[in-house]
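These notes are about the structure you will find just below.
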Amino acid sequence: MSRPSILISDPLPPHLTAELHTAFDVRECRGSDRAALLAAVRDADALVIRSATKVDREVLDHASRLRIVARAGVGLDNVDVEAATRAGVMVVNAPVSNVTSVAELTVGLILSMFRNIPAASASVRAGEWRRADFQGSELSGKSVGIVGFGRIGQLVAERLAPFGVELLTHDPYASPDFTHARGVSWLPLDDLVATADVLTLHVPLTPATRNLIGERELALAKPTLRLVNTSRGGIVDEVALARALAEDRIAGAALDVFATEPPTGSPLPHLDSVVCTPHIGAGTAEAQDRAATTVLDAVRAALAGLPVDGLANPEVLAAGTAVTV
Ligand SMILES: NC(=O)c1ccc[n+]([C@@H]2O[C@H](COP(=O)([O-])OP(=O)(O)OC[C@H]3O[C@@H](n4cnc5c(N)ncnc54)[C@H](O)[C@@H]3O)[C@@H](O)[C@H]2O)c1
Ligand SMILES: O=C(O)CC[C@@H](O)C(=O)O
């Protein structure tokens with residue numbers, strides 16, 4: 001009898017995938033190479049992805065054997081969960097795997113902006129010693145607005161509290177009682193944008209959050225606002241953001257994520273007031289190990305016909321039977 005086949009289409013820690021080879025037929029492809037993905041997924045019983053692989057209806061249509069899509073990370077915006085559910089394919093992610101890593105990167109990006117760390121470092125490397133050009137501001141005493149008070153948003157608040165900042169949040173699904181109990185004031189989004197010196201985004205990309213921060217919201221901001229986006233590119237209208245930065249209507253932005261990655265052709269990485277990183281919020285050894293361990297455990301369970309913990313679409317039966325939704 002042939003062994004179940006696992007297709008890995010984005011890089012995972014090799015020390016965790018090595019042991020799969022004893023029980024499974026493990027194949028790899030580059031998920032961003034659409035033709036390669038469509039060809040390889042035909043024989044796959046499980047597909048393991050990160051953020052670069054888009055699992056849409058076309059991929060599911062090519063994958064008649066597929067029982068589970070396992071996303072080694074948090075965001076499911078690159079998976080059509082509804083189509084997978086209709087096809088009877090389980091979807092699982094690793095919701096707590098990288099919360100600490102993203103919160104820590106967020107704090108790092110905020111401090112980088114307040115103290116001009118990337119530009120000062122580049123200047124010293126170029127042989128200069130321009131101390132006066134890099135005078136910054138203290139974070140202490142500033143107002144930090146957290147958009148989305150879920151796992152990452154809450155941890156960002158916790159990590160920033162010792163800096164002596166005023167913590168504010170907007171999250172339509174978190175009650176003011178819940179946020180106040182954690183030392184964070186709840187505000188409507190417009191008030192949050194208008195009050196904040198730092199606005200940091202921690203919401204999933206959904207039709208409701210696409211362009212959540214656009215021209216109208218940026219027009220409400222103080223000129224001292226620094227925007228941080230470690231969630232998803234589509235949550236900020238990048239054209240409006242580039243315009244607000246170029247016209248000095250806000251002070252800066254730190255971006256780990258872009259609407260298109262890499263952001264070829266975007267003016268944002270070239271603006272002096274922008275600090276950017278290549279989607280490395282989850283890019284730590286610890287987070288990658290946690291994410292891979294979580295989803296590979298789920299894949300092993302699914303392929304053994306055992307119950308799978310934490311399904312994003314629990315309507316799909318663990319046995320892989322197609323259900324109608
Ligand atoms: N840069 C990276 O590498 C990286 C890593 C992990 C996660 N992320 C992104 O961060 C996002 C958040 O992760 P999380 O673990 O905190 O998720 P989470 O589900 O724990 O929290 C998301 C929060 O957003 C809130 N929310 C939903 N719609 C909102 C709206 N319109 N306005 C304000 N709040 C809203 C929800 O109520 C929830 O509390 C993920 O969906 C993912 O896209 C990025
Ligand atoms: O490592 C990755 O693929 C990025 C993951 C991150 O964006 C997430 O949503 O967990």
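The values are calculated or read from the model by the stated rules, or taken from the named source; none is laboratory data. Everything quoted here is computed from the prediction, not taken from an experiment. FYI the Cβ positions are ideal-geometry reconstructions off the backbone, even for glycines, and counts take in every protein chain you see. Calculation scope for accessible area: heavy atoms of the full protein, side chains included, ligands and nucleic acids excluded. Shrake-Rupley method; radii C 1.70, N 1.55, O 1.52, S 1.80 Å.
The table below gives the values:
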| item | result |
| --- | --- |
| Built amide H within the under 5 Å cut-off of ASP25, gap 5+ | SER5, ILE6 |
| Rough spin-label spacing in nm, given labels placed 7 Å along Cα→Cβ, for ASP309 and ARG3 | 2.5 nm |
| Probe 1.4 Å, protein heavy atoms only - accessible area per residue of segment 26-183 in square angstrom | 48 Å² |
| Where HIS202, HIS15 fall by accessible area, highest first, once all protein chains stay in place (1.4 Å) | HIS15, HIS202 |
| Rel. contact order, % - alpha carbon contacts under 8 angstrom, at least six apart, the chain | 19 percent |
| For the chain, the spread of Cα positions along each principal axis, largest first, Å | 71, 51, 33 |
| Debye intensity ratio in log₁₀ form over the Cα atoms of segment 168-264, taken at each q of 0.10 Å⁻¹ | -0.26 |
| Spin-label pair ARG210/PHE178, simplified geometry with 7 Å Cα→Cβ offset, distance in nm | 2.6 nm |
| Between segment 279-317 and segment 121-200, the alpha-carbon center distance in angstrom | 31 Å |
| Local net charge near LEU189, Cβ-Cβ under 13 Å (Lys/Arg +1, Asp/Glu -1) | -3 |
| Sulfur and carbon atoms: percent of accessible area, the chain [1.4 Å] | 54 percent |
| Pairwise Cα inverse-distance average, inverted: Kirkwood Rh of segment 99-276 (Å) | 16.4 Å |
| Intensity falloff of segment 23-82 expressed as log10 I(q)/I(0), Debye formula with alpha-carbon point scatterers, at q = 0.16 Å⁻¹ | -0.44 |
| Net lengthening on full extension, GLU286/LEU111 (0.36 nm per residue, minus Cα-Cα) | 60.8 nm |
| Stretchable slack from TRP129 to GLU104, in nm (0.36 nm times residue separation minus alpha-carbon distance) | 6.1 nm |
| Segment 99-276: relative contact order as a whole-number percent, Cα under 8 Å and 6+ apart | 19 percent |
| Order by protection proxy (mean Cβ within 10 Å, highest first), peptides 117-128, 303-314 | 303-314, 117-128 |
| Whole-angstrom gap from segment 15-67 to segment 209-229, using each part's C-alpha centre | 37 Å |
| By average C-beta atoms within 10 angstrom, highest first, the peptides 203-213, 247-257 | 247-257, 203-213 |
| GNM top mover of THR293, THR179, THR260 - the chain, alpha-carbon springs below 10 Å | THR260 |
| Computed lengthening from HIS15 to HIS270, 0.36 nm per intervening residue step minus Cα-Cα distance | 88.1 nm |
| Cα-based convex hull volume of segment 13-149 per residue, rounded to whole Å³ | 175 Å³ |
